[in-house]
There are 2 protein chains.
Amino acid sequence: MSDGREQSGAGELEAVLKEAGLRITRQRRTILAILAAGGDHPDALALYRRAAREDPSISLSTVYRTMKVLEEKGAIQRHTFEGGPARFEHADGQHHDHLIDLDTGEVVEFRSDRIEKLQEEIARELGYEIVSHRLELYGRRRRD
Amino acid sequence: MSDGREQSGAGELEAVLKEAGLRITRQRRTILAILAAGGDHPDALALYRRAAREDPSISLSTVYRTMKVLEEKGAIQRHTFEGGPARFEHADGQHHDHLIDLDTGEVVEFRSDRIEKLQEEIARELGYEIVSHRLELYGRRRRD
DNA sequence: ATAATAATGCAAATCATTTGCAAGAAGCCA
DNA sequence: TGGCTTCTTGCAAATGATTTGCATTATTAT
């Protein structure tokens with residue numbers, strides 16, 4: 001194993017594909033590397049542009065298709081923040097919610113067990129069981 | 001005033017338009033009435049179909065346009081739940097979050113001051129101030 | 001009424017994303 | 001390694017939701 005700081009390399013994503021009986025193509029390798037490298041939340045176009053720098057032959061369709069498979073395999077997560085295209089994130093760590101910086105588009109991850117608990121309670125009271133949920137905070141940096 | 005149960009009639013929405021210097025057209029009147037009547041969360045097409053029953057001349061564009069103005073004036077709210085078209089809601093009462101029934105698409109409203117508070121705290125800790133937020137629970141009825 | 005101007009219907013345009021299809025690679029086995 | 005089968009890809013065209021241009025119609029203040 002590496003230095004222990006590696007939360008998940010592109011190799012992990014490749015393993016996901018391999019296990020699913022899918023092929024590891026040059027373009028997939030490129031895309032996965034980018035996804036694993038940047039700790040941000042790029043949309044398909046951004047991903048495409050970065051990938052195209054490495055391999056100009058990659059097409060936007062392939063980016064979309066790759067995101068779709070990986071999402072189905074649970075290897076990545078797709079987020080659709082307000083008024084924008086879907087953005088992807090390498091699903092390595094545990095669940096977390098997002099705070100979107102309205103000025104920069106930057107995404108800050110956070111997590112609150114208390115909120116998670118409260119959500120469960122609420123759903124139960126309403127007679128439901130939660131399958132998934134999404135909590136997004138949209139805000140701007142407090143300048144003080 | 002009426003029987004006190006009227007949380008907000010179409011009249012209120014018309015007032016919003018009037019105050020904004022906008023015209024009260026036949027189609028707007030129809031759409032507003034529908035929006036004020038049903039306590040649900042219809043999407044543009046559903047709204048269009050209901051409206052067309054009252055007035056076949058109404059077009060889908062007008063529904064969209066009307067939703068846009070009303071949203072800008074703060075009279076209605078637009079929600080984009082996972083994997084579906086935008087759905088609209090007459091913004092009368094206070095803020096609330098949503099639980100979407102994955103089987104029926106039905107929307108249940110709820111509100112939790114504790115969660116709201118926690119959100120504020122989290123944003124503050126991260127150095128942000130919340131402009132808006134969205135909390136959606138997706139689940140299915142607990143059968144027991 | 002009437003003019004001034006906003007709103008409508010329709011069709012065409014946009015945006016993000018998906019899909020059909022023929023051509024090009026991967027993976028596997030001999 | 002060569003060949004074969006099947007999965008992927010790139011491209012263009014199709015989709016779905018929503019918006020917009022434009023000529024026509026309808027509102028509203030006068």
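The values are calculated or read from the model by the stated rules, or taken from the named source; none is laboratory data. Model, not experiment: these values are computed from the prediction. Glycine also receives a Cβ, built like all others from the backbone with ideal geometry; neighbour counts cover every protein chain displayed. Quick note on the areas: whole protein, heavy atoms, side chains included, nothing else; ligands and nucleic acids left out. Shrake-Rupley method; radii C 1.70, N 1.55, O 1.52, S 1.80 Å.
Rounded to the nearest 500, the helix-only mean residue ellipticity at 222 nm of chain A stands at -12500 deg cm²/dmol, with each DSSP H run of n ≥ 4 adding -39,500 (n - 2.57).
Only Lys, Arg, Asp and Glu carry charge here, each on its Cβ (+1 for the first two, -1 for the last two); on that basis chain A has a dipole of about 640 debye about its Cα centre. Where in the stretch B:71-110 does the label zone of B:Leu22 land, with the point 7 angstrom along Cα→C-beta and an amide N cut-off under 13 Å? Those under the cut-off are B:71-78, B:91. Note on chain B: dipole from Cβ charges, positive end direction compared against B:His96, B:Ile58, B:Leu118; the farthest Cα belongs to B:Ile58. The alpha-carbon atoms of the protein assembly as shown define a convex hull whose volume equals 215 cubic angstrom per residue. Here is the P(r) of the stretch B:4-90: all C-alpha pair distances, binned every 5 Å from 0, give 3, 15, 28, 27, 18, 7, 2, 0 in whole percents.
Using only side-chain charges placed at the Cβ, +1 for Lys and Arg and -1 for Asp and Glu, the dipole size of the protein assembly as shown relative to its Cα centre rounds to 1160 debye. Applying the criteria of a DSSP loop state and at most 14 other Cβ atoms within 10 Å to the GluC sites (Glu not before Pro) of the stretch A:58-87 yields A:Glu82. The stretch B:104-144 and the stretch A:103-117 have Cα centres separated by 11 Å. The value of relative contact order for the stretch B:97-139, using C-alpha pairs under 8 Å at least six residues apart, is 53 percent. With contacts taken as Cα pairs under 8 Å and at least 6 residues apart, chain A reaches a relative contact order of 18 percent. Restricting the stretch A:95-144 to GluC sites (Glu not before Pro) that sit in a DSSP loop and have at most 13 other Cβ atoms within 10 Å of their own Cβ leaves A:Glu106.
Each of A:Arg65 and B:Asp144 was given a label point 7 Å from its Cα along the Cα-to-Cβ line. The distance between the two points is 4.5 nm. Across the stretch A:97-139, Cα-Cα pairs more than 13 Å apart make up 60 percent of the total. Across chain A, the longest run free of exposed loop sites, meaning trypsin sites (Lys or Arg not before Pro) lying outside DSSP classes H, G, I, E and B with no more than 15 other Cβ atoms within 10 Å, spans A:24-72. Largest first, the residues B:Ser59, B:Ser112, A:Ser57 sort by 1.4 Å accessible area into A:Ser57, B:Ser59, B:Ser112. The stretch between B:Asp55 and B:His79 holds 6.1 nm of extra length on full extension. This uses 0.36 nm per residue minus the Cα-Cα distance.
Restricting attention to the protein assembly as shown, lysine pairs at least eight places apart or on different chains and with alpha-carbon atoms under 27 angstrom apart total 7.
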